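Report on one structure; see the data block that follows.
The values are calculated or read from the model by the stated rules, or taken from the named source; none is laboratory data. As the structure is a prediction and not an experimental result, all values here were calculated from the model. With ideal geometry, Cβ positions are generated from the backbone for all residues, glycine too; neighbour counts draw on all protein chains shown. These area figures cover heavy atoms from the full protein model, side chains too; ligands, DNA and RNA do not enter into them. Shrake-Rupley method; radii C 1.70, N 1.55, O 1.52, S 1.80 Å.
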Amino acid sequence: MPRSNAESVEEYLDMLPGDRREAIGAVRSTILANLPAGYEETFQRGMISYVIPLSTYPVTYNGTPLLYAALASHKRYMSVYLMNIYGDPENEVWFVERYKD
């Protein structure tokens, strides 16, 4: 699936084929159930994004909310992007050890 021109999470989900909508929806539900307080679900950069809102942390290098995680359906695969894990070696080790099997 090429980069989406959707303007909201709901519009993005409606554009997905049924099997992709179901898979992305299941992961989305898990993320929303575990999202720390104060983070928000938005749609940016063609992906469902989970951010620290500007009202909480307004000073960012590009004026957009800090991205915490994202969820996307691409042409040949679906991805969950976990920014906090990629940026912190201790979190990355914890994650790999926890989910290696």
Considering only residues that are under 25 Å from SER4 (Cβ atoms) and open to solvent by less than 60 Å² (accessible area, probe 1.4 Å), look in the range 84-101 and name the one that is modelled with the lowest pLDDT.
-> ILE85
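Does at least one position in the range 8-18 carry a residue that is among the charged types (D, E, K, R), open to solvent by 90 Å² or more (accessible area, probe 1.4 Å) and more than 13 Å from the chain's Cα centre (by Cα)? Walk me through it before giving the result.
First, the residues of the range 8-18 that are among the charged types (D, E, K, R): 10-11, 14.
Then drop every residue that is not open to solvent by 90 Å² or more (accessible area, probe 1.4 Å), which leaves 10, 14.
Cutting the leftovers down to more than 13 Å from the chain's Cα centre (by Cα) gives us 10, 14.
Yes - at least one qualifying residue is present in the range 8-18.
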Scanning the range 19-29 for residues that are free of Cβ contacts under 8 Å to residues at least 12 places away in the same chain and either surrounded by 11 or more Cβ atoms within 10 Å (Cβ to Cβ) or more than 12 Å from the chain's Cα centre (by Cα) (or both) gives ASP19, ARG21, GLU22, ALA26
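Given the structure, is LEU32 among the aliphatic types (A, V, I, L, M), in a helix (DSSP H, G or I) and within 14 Å of VAL9 (Cα to Cα)?
On the way: among the aliphatic types (A, V, I, L, M): yes; in a helix (DSSP H, G or I): yes; within 14 Å of VAL9 (Cα to Cα): yes.
In short, yes.
Please specify each residue of the range 43-56 satisfying the condition of being among the polar types (S, T, N, Q) and either more than 9 Å from the chain's Cα centre (by Cα) or part of a loop (DSSP other than H, G, I, E, B) (or both).
GLN44, SER55, THR56
Being open to solvent by 60 Å² or more (accessible area, probe 1.4 Å) and at pLDDT 95 or above is the filter here; which residues of the range 34-53 pass it?
Pass one, the range 34-53, residues open to solvent by 60 Å² or more (accessible area, probe 1.4 Å): 34, 37, 39-40, 45.
The answer is GLU40, and nothing else.
Of all residues being part of a loop (DSSP other than H, G, I, E, B) and in contact with a strand residue (DSSP E or B) (Cβ under 9 Å, 6 or more places away or on another chain) in the range 57-96, which is nearest to ALA26 (Cα to Cα)? Just the residue, please.
So the first thing to find is which residues in the range 57-96 are part of a loop (DSSP other than H, G, I, E, B), and the list is 57-65, 74-77, 88.
With the extra rule that they be in contact with a strand residue (DSSP E or B) (Cβ under 9 Å, 6 or more places away or on another chain), the set shrinks to 57, 60, 64-65.
Details: TYR57: 29, THR60: 31, THR64: 27, PRO65: 25 Å.
Among those residues, the one meeting the criterion is PRO65.
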Kindly list, by first and then second residue, each pair from a residue in the range 46-66 that is in contact (Cβ under 8 Å) with a residue 24 or more places away in the chain and closer than 21 Å to VAL9 by Cβ to a residue that is open to solvent by 60 Å² or more (accessible area, probe 1.4 Å) and among the charged types (D, E, K, R), limited to pairs with Cβ atoms under 9 Å and residues at least 6 apart or on different chains.
-> GLY46/ARG3; MET47/ARG3; PRO65/GLU40
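Regarding the range 21-39, can at least one residue be identified that is of a type in the set (Asp, Glu) and touching a Phe, Trp or Tyr at 6+ places or on another chain (Cβ under 9 Å)?
As a first pass, look at the range 21-39 and keep what is of a type in the set (Asp, Glu): 22.
In the following step, the residues that additionally are touching a Phe, Trp or Tyr at 6+ places or on another chain (Cβ under 9 Å) were identified as none.
No, the conditions are met nowhere in the range 21-39.
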